[in-house]
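First up is the structure itself, then whatever we jot down about it.
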């Protein structure tokens, strides 16, 4: 018993020391290393290696001896650091890399996916594709780290509470220690390492299976929601529903949840998989419905790219959609090809995880340089005259798209279009388009998506000059699709007023509600005031806009009678 307790205490001490070393390393890299390593790319390499090495080492230690876990931690830390450093060469500074964010995300995915494969390799050298071990290792790592961070938070809370108690009697030793940066970081790492060690010791009591069994119950709930959505989507036009990158993000998130729930329900093997027959059918149905959600997400991304071209965020969305589509192809095929579909889904999970690992690594290489691909696409569209000046992402190319973006601006500065060339040169000189040019571009953009009624009525750029900057900016909600357009309805609505009058409607809520302005001619120009409808409402529905555009409207006297007191009119409107 003593020997076993001794080994337990030695293991805890070892993990706590590693954690403290990790905390001190983080502090040193943040506070001291910038003064020693002046090359930003070398500094990034050291930071990425340190973070990756200790994250993998702490994750693998406990189940494995520290000395043995250090080998895969070193290899993965080195590989991740090399790839991330390679991706940093796209940017003028490290701030550009941090602002872009997606290379950091790709590095995180690479390290997270590679770690379970490394853990399996440590215990089973002949195969990396043992799904049972991969499943257990992945969820165990998640639970261990979650519980470890929870323990760290509790330990810090105890330290602060203890300090508050001792301060009553004038003892400030805990506060003095926690104010010392090296000690604070070492204490944080110490707590995390100790927590991870204890969680591993109690793995029989704190396993991921409780969480997995609870999550299984969400399968029928998500199935019902997705089924209702799929039916509703079939009854509406896809252009109307999915022409937005934010909606694509929602669909991709739902698809990832569906993949996770299917994998959780199938567990590590048939013996552990969900056993109730109707739940198996629900899981299979969820797998079969996955192509609907994944396909609509991919279609939404395709719409944005076809309309506006590639940008780094759209490339990130497309990369995630590619992985989701792999699941969306594999899962239904596994289900409809007969018995043993659960085993086929598990096999697909392994190979798609390897594909994700490869894609995340490739993302950090010049092969998938999102900034270069986006710049090439936008420059080609601008030079071909497919974009108005206000639609060319000049600011993004200079400030966010790294070296490739600035090279693209240099190419645009030589364009035959003088206005485009001047604007690109202004960005390269650290300037921006002046306010008047920006407003002119916004007004031109609005006129392109403005439906003017009745037929024969016209609206010019001069008519829109009195829109405030805020009102004009809000017109960005107007879309290319017919049912997302802004609508101008001219008519003589107030007989007591002379000059032009109109109602102007713009989308106000994700394309389902439209807000109105009352347009009247005053002092030789058009003025825009909030349009109030019956009941005090300020919006109309998409159905009203569709009927307007189709011509199903009339301008007629109100059905209300007014109370006139002299020349003052009182309308009975709530």
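Annotations
- Contact order relative to length of the chain, as percent, for alpha carbon pairs under 8 angstrom and 6 or more apart: 11 percent
- Rounded, prolate or oblate (a/c below 1.5 giving rounded, otherwise prolate when a/b exceeds b/c) for the range 370-433 by Cα gyration tensor: oblate
- Calculated [222 nm] ellipticity per residue, helices only, for the chain: -21500 deg cm²/dmol; basis is -39500 (n - 2.57) per DSSP H run with n ≥ 4, divided by all residues, nearest 500.
- Near-label residues of the range 361-391 by backbone N, under 20 Å of a point 7 Å along Cα→Cβ of residue 99: 369-379, 390-391
- The range 2-207 shape via C-alpha gyration tensor axes, a/c threshold 1.5: oblate
- Whole-number percent relative contact order across the range 355-498, with pairs defined as alpha carbons under 8 Å at least 6 apart: 16 percent
- Average Cα contact separation per residue, the range 279-397, under 8 Å, 6 or more apart, as relative contact order %: 29 percent
- Considering only the chain, percent of DSSP beta bridges that pair antiparallel, nearest 5: 80 percent
- Angle between the chain longest axis and helix 181-201 axis [Cα atoms, degrees, rounded to 10]: 70 degrees
- Sorted peptide list for 350-361, 463-474, criterion being average Cβ within 10 angstrom, highest first: 350-361, 463-474
- Scoring 36-45, 317-326 by mean Cβ neighbours within 10 Å over their residues and listing the highest first yields 317-326, 36-45.
- Nearest 10 degrees, 0 to 90: helix 341-363 Cα axis against the chain principal axis: 80 degrees
- Seen against the Cα atoms of the chain and their longest principal axis, helix 102-123 is set at about 30 degrees.
- Within the range 248-400, the proportion of C-alpha pairs whose separation exceeds 18 Å stands at 64%.
- Placing a label point 7 Å from the Cα of residue 373 along the Cα-to-Cβ direction, the residues of the range 285-319 with a backbone N closer than 12 Å are 310-319.
- Of the peptides 179-185, 409-415, the order by per-residue mean of other Cβ atoms within 10 Å, starting with the highest, comes out as 409-415, 179-185.
- Using the Stokes-Einstein relation with a Kirkwood hydrodynamic radius computed over Cα pairs, the translational diffusion coefficient of the range 113-231 at 37 °C and a viscosity of 0.692 mPa s comes to 184 µm²/s.
- Rg to Rh quotient for the chain, alpha carbon positions, Kirkwood Rh: 1.06
- Residue list for the range 341-382, given a label point 7 angstrom along the Cα-to-Cβ vector of residue 414 and an amide N cut-off under 19 Å: 372-373, 375-382
Laboratory data are not the source of any read-out in this text; all were calculated from the coordinates shown. No experiment lies behind these values; they were computed from the predicted model shown. Note that we place each Cβ from the backbone using ideal geometry, even for glycine, and neighbour counts take in every protein chain shown.
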